[in-house]
1. Looking only at segment 152-169, how many residues end up being touching a helix residue (DSSP H, G or I) at 6+ places or on another chain (Cβ under 9 Å), under 13 Å from V213 (Cα atoms) and not in a loop (DSSP other than H, G, I, E, B)?
2. With (1) buried (at least 18 other Cβ atoms within 10 Å of the Cβ); (2) among the aliphatic types (A, V, I, L, M); (3) out of contact with any Gly (no Cβ under 6 Å at 6 or more places or on another chain) as the list, and I104 as the residue in question, which single condition is left unmet?
3. Just the residues that are within 16 Å of the chain's Cα centre (by Cα), in a helix (DSSP H, G or I) and farther than 17 Å from A118 by Cβ, please, taken from segment 55-99.
4. Of all the residues that make up segment 135-151, how many are of a type outside the set (A, V, I, L, M, F, W, C) and under 13 Å from the mean Cα position of the chain (by Cα)?
5. Within segment 180-191, identify whether any single residue is touching a strand residue (DSSP E or B) at 6+ places or on another chain (Cβ under 8 Å) and surrounded by fewer than 17 Cβ atoms within 10 Å (Cβ to Cβ), and answer yes or no.
6. Has segment 185-196 got any residue that is out of contact with any Leu (no Cβ under 8 Å at 6 or more places or on another chain), of a type in the set (V, I, T) and within 13 Å of A145 (Cα to Cα)?
7. Looking for whichever is assigned to a helix (DSSP H, G or I), over 27 Å from G59 (Cβ atoms) and in contact with a Leu (Cβ under 7 Å, 6 or more places away or on another chain) here; the options are A225, A149, A145. Which one fits?
8. Determine which member of the set F130, F138 is aromatic (F, W, Y) and surrounded by 15 or more Cβ atoms within 10 Å (Cβ to Cβ).
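The values are calculated or read from the model by the stated rules, or taken from the named source; none is laboratory data. Fair warning: this is a prediction, and the values are worked out from it, not measured in the lab. With ideal geometry, Cβ positions are generated from the backbone for all residues, glycine too; neighbour counts draw on all protein chains shown.
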Amino acid sequence: MGNTYQRVLLKLSGEALMGTLPYGIDPTIVQGIAEEISDVASRGIQVAIVVGGGNIFRGVKGAAAGMDRATADYIGMIATVMNAMTLQDALEQMNVPTRVQTAISMQELAEPYIRRRAMRHLEKGRVVIFGAGSGNPFFTTDTTAALRAAEIDADIIMKATKVDGVYDSDPKINPDAKRFQSLTYGHVLTHDLKVMDSTAIALCKDNDIPILVFDLSVSGNIRRALLGESIGTIVGGSCGVS
């Protein structure tokens, strides 16, 4: 059976890497993520990753505490590089060739982000992890995921979250919340469903990049998502509300 996707962009939040810890990185969680990515990469699917930094530092919270917003966002970008390097190490211990590319120059640690080089790495079967966000303050790593997916011509964005899809209200508060199987970009924007921020959704809409939202906490879900199994909620131009 052939693969459903040839090239995917996996969006991992920083919080996903800390598991049940109050902050930081849980090595067991990182190893589990790396094992699933390794399995998928071995099947010939090209995998690029955008990782957040909220487990170490979140720019919005820093700004809310009185820090200059741009400065806080730059610190958050540096935090994403720490996560990227941690994930790279876990993958390479499993003999998965991996490259970290950063939007802010850190030449002693990682390659600078160069679109053509990133695509060449993917073609050669290397996993590429994008760190330091877009390199610009005031933009989220969700927007970075949409931007990088468009740049590398990814088939889909896989957004790993702590819930099993997109709901019409918060399922933790409302036990009758309805989970959608599929949504249009317009419905997400109109109803402010918090799939990704509005800039990211608009970028995906303009470039016709579908988004799959799925639950990272279920073992095997990264593998299932990247192999095209029907899990989570899919957002796209031709997807109806269901």
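1. Total meeting the criteria: 7.
2. I104 satisfies all of (1) buried (at least 18 other Cβ atoms within 10 Å of the Cβ); (2) among the aliphatic types (A, V, I, L, M); (3) out of contact with any Gly (no Cβ under 6 Å at 6 or more places or on another chain) except (3).
3. G76, M77, A79, M82, N83, T86, listed by residue number.
4. In the first step, residues of segment 135-151 are kept if they are of a type outside the set (A, V, I, L, M, F, W, C); the result is 135-137, 140-144, 148, 151.
Still in the list and also under 13 Å from the mean Cα position of the chain (by Cα): 140-144, 148.
Residues flagged as of a type outside the set (A, V, I, L, M, F, W, C) and under 13 Å from the mean Cα position of the chain (by Cα) within segment 135-151 amount to 6.
5. Yes; the residues of segment 180-191 include at least one that is touching a strand residue (DSSP E or B) at 6+ places or on another chain (Cβ under 8 Å) and surrounded by fewer than 17 Cβ atoms within 10 Å (Cβ to Cβ).
6. Quick first cut of segment 185-196, residues out of contact with any Leu (no Cβ under 8 Å at 6 or more places or on another chain) only: 185-186, 188-192, 194, 196.
Then drop every residue that is not of a type in the set (V, I, T), which leaves 188, 190.
Filter once more, keeping what is within 13 Å of A145 (Cα to Cα): none.
Within segment 185-196 (the criterion being out of contact with any Leu (no Cβ under 8 Å at 6 or more places or on another chain), of a type in the set (V, I, T) and within 13 Å of A145 (Cα to Cα)), the answer is no, since none of the residues qualifies.
7. A225
8. Values: F138 fails: surrounded by 15 or more Cβ atoms within 10 Å (Cβ to Cβ).
Exactly one residue qualifies, and that residue is F130.
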